[in-house]
Amino acid sequence: MHGKVRQAVILAGGEGTRLRPLTTTRPKPLLPVLGVPCIEYVITSLAEAGVEQIFLACGYRSEDVVRTLGNGERFGVDIEFAYEKEPMGTAGAVKLLEDRLEGTFFVGSGDTLTDADLGALVAFHQEKGAEATMGLTEVEHPEQFGIVGVGADGRIERFKEKPRTEEVFSRVINAGTYVLEREVLDLIPEGRRYDFSKNLYMDMLEKGRGLYASPLQGYWKDIGRPSDLYLANMDMAARRGGSTAPSGSNAEAPFFFGPDVIAEGARVHCSVIGRGCTLSSGSSLKGSLLLDDVIVGEEVVLRDCILGEGCRIGRGAVLTDCVLGDRVTVGPSASLNGASIEPGSNI
């Protein structure tokens, strides 16, 4: 019944509305973690588990995803792109690929950051003879997710999507990573919107089908908001040991600098700096994430900020708790607090 899992579907169609203005100019799966689009961590994880063919279900700004990932050759996999004419839900998007899928396959999310060992999830799935196995992870605040109650044998006993605080019975959540048998697709109706968590798994639970769950082994984080993107970058910097600070900079760990960064005379703490950035003398950055090619002027102070690609910050500006889209220019001595600024703006 089971063999090597050689196929996967990655769902990458979301618009990332809560991440605007960063997602105004790029789809959520291409948001960078240590300079690498978060979807590439998922692809690498699948490739390491032996997957050879990945179907990428795209929606918003799909041409950007195609341009970035290409045919998958550099990951050692074959990537094929699938497009929904209209959103069909998570399970509906996989149903559209039914005639291309065979045997056992993975479903993953391009909107989350994970480097989990998926081989362990497959081994569990096969050992249980499961029809569907859900990867689990634990979070502090489970209200945004689907919480899961699992029996001693690993079978899912209850499931509650986006519970109210008083309904929370567990901090263990559905991590959006699944191992599925092809026959499960027969349970998904054709031609209408249908979700794994809201619809399919509830249906399987009611019918007593082989629905199991096991904790993911490795890192997992949902990148739903700008603050989550910053934390994912910091977590990964800590996991991977950061990087070397540019000469002449005063950098306090944890930090990460991409290639070709100039930061002489700059002070950097708890921040991730993208490729080709320039941090001028006397600038001070704390709790911040800069995407590529940002220029920070002299004596600039950045606290808890995320700056999109190509931003220009004028001398002496002070920014606190701001999110700037790509190519925003902030004039000298400006003071901004809690601002969210659309791409291309001049302030």
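The values are calculated or read from the model by the stated rules, or taken from the named source; none is laboratory data. Since we're looking at a predicted model, the values are computed, not measured. All Cβ positions, even for glycine, are placed from backbone atoms using ideal geometry, and neighbour counts span all protein chains on display. Quick note on the areas: whole protein, heavy atoms, side chains included, nothing else; ligands and nucleic acids left out. Shrake-Rupley method; radii C 1.70, N 1.55, O 1.52, S 1.80 Å.
Quick look at the numbers
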| quantity | calculated |
| --- | --- |
| Net charge over other residues, Cβ less than 13 angstrom from the Cβ of residue 132 (K, R count +1; D, E count -1) | 0 |
| Solvent-accessible area, 1.4 Å probe, carbon plus sulfur percent, for the chain | 46 percent |
| Solvent-accessible area per residue, Å², over region 88-187 with all protein chains present [probe radius 1.4 Å] | 40 Å² |
| For residue 268, distant residues with modelled amide H under 5 Å away | 250, 251, 252, 285 |
| Degrees, to the nearest 10: 38-48 long Cα axis against longest axis of the chain | 50 degrees |
| Acute angle (nearest 10 degrees) that the helix 226-240 long axis makes with the longest principal axis of the chain, alpha-carbon atoms | 90 degrees |
| Whole-number accessible area per residue in Å² for region 223-347, which is evaluated in the context of all protein chains at 1.4 Å | 42 Å² |
| Cα-Cα pairs of region 201-333 separated by more than 27 Å (percent) | 27 percent |
| Cut-off 11 Å between beta-carbons: net charge of the residues surrounding residue 194, Lys and Arg +1, Asp and Glu -1 | +1 |
| Residue 172 accessible area, assembled protein chains, probe 1.4 Å, Å² | 40 Å² |
| Packing-based ranking, highest mean first, of 207-214, 278-285 given that Cβ atoms within 10 Å are counted | 278-285, 207-214 |
| Anchor residue 128: lysines whose Cα lies under 27 Å away (excluding residues fewer than 8 positions away in-chain) | 4, 95, 160, 198, 207, 221 |
| Degrees, to the nearest 10: 118-128 long Cα axis against longest axis of the chain | 20 degrees |
| DSSP beta bridges in the chain [antiparallel fraction, %, rounded to 5] | 30 percent |
| Relative packing of peptides 334-347, 87-100 - highest average C-beta neighbours within 10 Å first | 87-100, 334-347 |
